[in-house]
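Encoded as structure tokens, the structure appears first; notes follow it.
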Amino acid sequence: MTVALKLTDMETALIDQLPQDAPLRAVLSEHGLPHRRVEEWKWTDLRTVVGKLPAEPGVLTFTISREPDAWAEQDEEPSLLMPRLASALGEDIQVYTLEDGERLELGLEASSGVSNQQVLVLVPEGVKAELVESYAVEPDGFANLTLVIVVMPGAELDRVIEQHASPDAALVVTSLIDLAPGAKLNQTTLGFGAKLARLETHVSHAGEGAELQLDGAYVLDEGLHLDQTSLVRHEGPNGVTKELFKGAAARGAKGVFQGKIHVEQAAQKTDAQMQHRGLLLDDKAEIDAKPELEIYADDVVCAHGNAFGALDEDALFYMRQRGLPESKARALLTQSFLAEPIERIRDEDDRERLLARLMVGLEALS
Amino acid sequence: MPAVKETIEDVRQLESDKYKYGFTTEIEQERAPKGLSEDTVRFISAKKGEPEWLLEWRLEAFKRWTQMKEPDWAKVGYPPIDYQEAYYYAAPKDAAKYKSLDEVPQELLDTYKKLGIPLKEAEVLLGVEGAEASAAEARNEGSQRKVAVDAVFDSVSVATTFKEELKKAGVIFMPISEAVHEHPELIKKYLGSVVPVTDNFFATLNSAVFSDGSFVYVPKGVRCPMELSTYFRINAEGTGQFERTLIVADEGAYVSYLEGCTAPMRDENQLHAAVVELVALDDAEIKYSTVQNWWPGDSDGKGGVYNFVTKRADCRGRNSKVSWTQVETGSAITWKYPSCVLKGDNSQGEFYSIAVTNGRQQADTGTKMIHLGRNTKSRIISKGISAGKSDQTYRGLVSVHGKAEGARNFTQCDSLLIGDTCGAHTVPYIECKTPKATLEHEATTSKLSEEQLFYARQRGLDEESAVALLVNGFCREVLQELPMEFAVEAQALLKVSLEGSVG
């Protein structure tokens with residue numbers, strides 16, 4: 001029983017911009033943009049939200065610490081729909097090759113309307129570098145960005161992402177990461193959500209001593225939505241993955257955590273841990289989680305944990321007894337709960353900056 | 001543990017033949033014509049002499065089914081099922097009452113013997129006149145714990161034991177086909193009220209063609225005096241079994257229900273699409289235990305049962321409680337998610353599961369806990385063991401709605417991998433819409449500890465026994481939830497299911 005899809009104005013506009021012979025045209029016409037009937041987008045109905053946004057082209061403003069090293073054309077089409085769209089409709093790919101000790105700042109602001117872009121970041125062998133990103137979308141904007149990041153053997157990358165609250169806007173950032181043998185990536189995201197925001201991270205984890213730390217914190221207020229989805233694919237032996245996500249939602253906001261760790265048969269001795277904890281601050285908020293394990297190797301240690309709840313009443317009581325007003329006690333407890341992933345940022349300046357941002361976000365809640 | 005000695009005995013017995021239930025009973029079968037159409041549905045309904053409303057209900061289901069798509073989201077793979085190639089009804093010919101045991105076909109008697117059902121009870125199951133009383137006596141003399149049995153042989157419920165004794169307590173326990181005639185008001189009220197006709201592809205198929213099953217009604221304030229039990233057995237070639245179980249525990253009632261399943265070895269795949277509905281009213285409690293040991297197919301993945309089952313409990317009343325315990329070792333493919341809808345305030349749902357897959361078995365199983373009422377509690381303990389070339393997925397949903405203040409869930413899913421050619425997956429969905437709930441989920445995947453194995457072998461256990469011992473330890477939280485009768489069998493089953501998985 002397949003019912004023909006009635007395309008939204010947004011979808012029609014996107015299709016019209018695609019070349020006549022692009023296979024993506026047929027895909028979009030048949031399936032539309034991702035929606036809640038698509039398993040991976042169950043809690044993030046992109047189609048409905050962007051269907052109500054204006055479809056005219058938007059403008060992307062980059063605030064970059066330096067010019068790209070090159071502009072490249074796409075040679076191989078990505079397989080996921082959103083990166084495909086970014087590749088087909090965005091300008092040429094911005095390519096950055098990081099140097100040892102470099103800190104690349106990449107600020108992106110999208111205006112109203114639709115914008116697509118792809119960025120490629122290369123971290124050559126043995127190089128240690130930092131990538132600091134920030135994202136904001138103006139009302140009525142729909143930004144779809146794809147970052148391809150290649151961390152070559154023995155290289156180390158510290159990635160810090162701040163996603164600014166963007167009401168009445170939609171944002172999809174897809175990161176496609178290659179983590180080579182012996183490479184390290186520490187990624188931390190602080191997100192405040194949008195009308196709909198999805199930060200999706202895919203990591204091909206080669207193992208062989210490669211280490212991944214994938215962390216995130218979110219504070220969502222006033223009906224904002226943030227989806228942090230990740231897929232880590234362990235392809236070689238002796239890989240390590242540590243994930244820690246924590247978030248709070250209030251006043252009609254919705255937090256989504258989807259994390260999947262896939263361990264291939266060759267990836268023996270993988271050590272993968274994933275934790276997500278959600279705090280619902282009032283009875284209008286919602287948090288959904290799907291922590292997944294898919295394991296084909298037997299000699300592994302893999303675990304995930306998920307917990308939802310309210311603040312510890314005993315701790316609250318104790319703090320009030322010590323003379324703290326209730327609102328202050330709540331704020332302190334929430335702050336200490338959410339700060340944990342941020343405190344794992346290795347760069348002190350970034351850590352302090354994001355902790356301060358977290359405080360500002362929390363103050364707005366009370 | 002006192003059961004250990006018995007377990008060792010049982011294991012020894014089971015070891016001699018890997019799948020002891022793999023026999024066929026050669027008796028005459030009465031079948032519906034091959035294939036599925038409105039006529040098949042009418043044929044089944046007519047065979048059962050059903051009232052018009054039930055026929056309409058079935059036809060409605062059939063109509064819906066023809067418009068539905070087979071689900072493909074589970075992590076199982078199998079060639080497309082040709083629903084027109086199966087028989088949807090097979091009854092042992094002439095299921096009428098026998099005057100005495102002498103008249104019962106020897107083949108049928110042998111079947112019961114192989115299933116391990118005492119002769120006295122077999123008499124009752126076969127419907128030998130006057131047998132019920134004597135079976136009850138026999139059991140009482142031995143002062144054993146009593147278990148009333150309803151056996152579903154292919155599509156037809158053959159008979160129910162201890163009917164009289166249960167009647168005294170006011171408990172109704174009978175084939176659902178009889179209940180339709182004797183208690184139409186209860187059937188009308190509850191059938192399809194937990195799993196609606198249109199619920200899902202397999203449940204809808206079941207609604208259209210279900211042939212028999214058990215019906216239990218425990219009246220207000222009654223604690224069912226014995227364990228109730230059902231044996232399911234698919235026997236005839238090319239038949240599907242579509243049994244339907246409906247259990248209603250009225251206010252303050254308690255019932256414990258056991259379900260055992262076996263099927264003979266066959267080359268082709270047999271389809272099993274059952275529906276189980278449980279209704280627990282105020283202060284009622286239902287404990288539902290399953291040992292599922294359908295034929296899993298041979299080591300090349302040939303044959304075996306496709307077990308596509310919909311099981312759901314509706315905790316309608318305040319303080320009601322439903323507990324699902326399952327030991328799943330059989331079937332080529334398992335697609336099964338016993339669930340609890342926690343509507344009543346303070347209601348509780350529990351799910352304890354052990355699933356073992358070996359050879360080329362595939363299992364996608366788990367539970368759903370839907371918290372609707374206040375202070376509802378749920379607990380999920382799932383232990384999955386994958387060996388051989390099998391694949392196993394825990395798939396579960398914990399959903400807490402906005403009004404479910406004070407809801408509490410604890411979930412633990414542990415997977416054990418034996419060998420590097422199998423897969424173990426965990427796919428939990430957790431949804432929370434109230435700040436006044438506490439939900440915890442933990443999952444781990446690991447392999448058998450070499451050190452523990454080494455230690456056990458040093459103490460003189462051979463490798464397979466050592467593995468069985470460790471696996472039993474891994475599963476103990478679930479095993480201890482099983483009623484005594486099943487715990488022993490389950491422990492033995494675990495070992496047999498894992499045979500050939502090490503070395």
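None of the figures in this text is laboratory data; all of them are computed from the coordinates on show. Just so you know, these numbers come straight off a predicted model, no measurement behind them. Positions of Cβ are backbone-derived with ideal geometry, glycine not excepted, and every protein chain shown enters the neighbour counts.
Sort out for me the Cα centre separation of region B:48-88 from region A:206-279, rounded to whole Å. Using only Cα atoms, the two centres lie 40 Å from each other.
At q = 0.11, 0.14, 0.15 Å⁻¹ the log10 of I(q)/I(0) for region B:360-503 amounts to -0.50, -0.74, -0.82, computed by Debye summation with a single uniform scatterer per C-alpha, solvent ignored.
Straight-line cross-link reach from residue B:47 at under 17 Å between alpha-carbon atoms covers these aspartates and glutamates, not counting any fewer than eight positions away in the same chain: B:28, B:30, B:38, B:39, B:56, B:94, B:154, B:178, B:182, B:212, B:243. Within region A:27-101, the GluC sites (Glu not before Pro) that combine a DSSP coil assignment with at most 16 other C-beta atoms in a 10 angstrom radius are A:73, A:76, A:91, A:99.
Sites counted here are trypsin sites (Lys or Arg not before Pro) in a DSSP loop (not H, G, I, E or B) having no more than 12 other Cβ atoms within 10 Å; the longest part of chain A that contains none of them is A:67-321.
Rounded to the nearest angstrom and listed largest first, the equivalent-ellipsoid semi-axes of the protein assembly as shown from its Cα gyration tensor are 53, 29, 27.
Estimated from the Cβ-Cβ distance and a Förster radius of 22 angstrom, the FRET efficiency linking residue A:77 and residue A:37 is about 0.35.
Sum up the charges of everything whose Cβ sits under 12 Å from the Cβ of residue A:357, counting Lys and Arg as +1 and Asp and Glu as -1, but leave residue A:357 out. Let's see the in-between values first.
Details: positive: A:351, A:353; negative: A:162, A:350, A:352, A:363.
Local net charge: -2.
Computed over neighbours whose Cβ is under 11 Å from that of residue A:55, the net charge equals -4, Lys and Arg +1, Asp and Glu -1. Taking the square roots of 5 times each eigenvalue of the Cα gyration tensor of chain A, largest first, gives ellipsoid semi-axes of 31, 27, 21 Å.
Where is the GNM fluctuation largest for chain A (alpha-carbon springs, 10 angstrom cutoff): A:347, A:314, A:283? Maximum among the listed residues: A:314.
Counting Lys +1, Arg +1, Asp -1, Glu -1, what net charge surrounds residue B:427 among other residues with beta carbon under 11 Å of its beta carbon? Net charge around residue B:427: 0. For the pair residue A:52 and residue B:457, a Förster radius of 51 Å applied to the C-beta separation gives a FRET efficiency near 0.20, rounded to the nearest 0.05.
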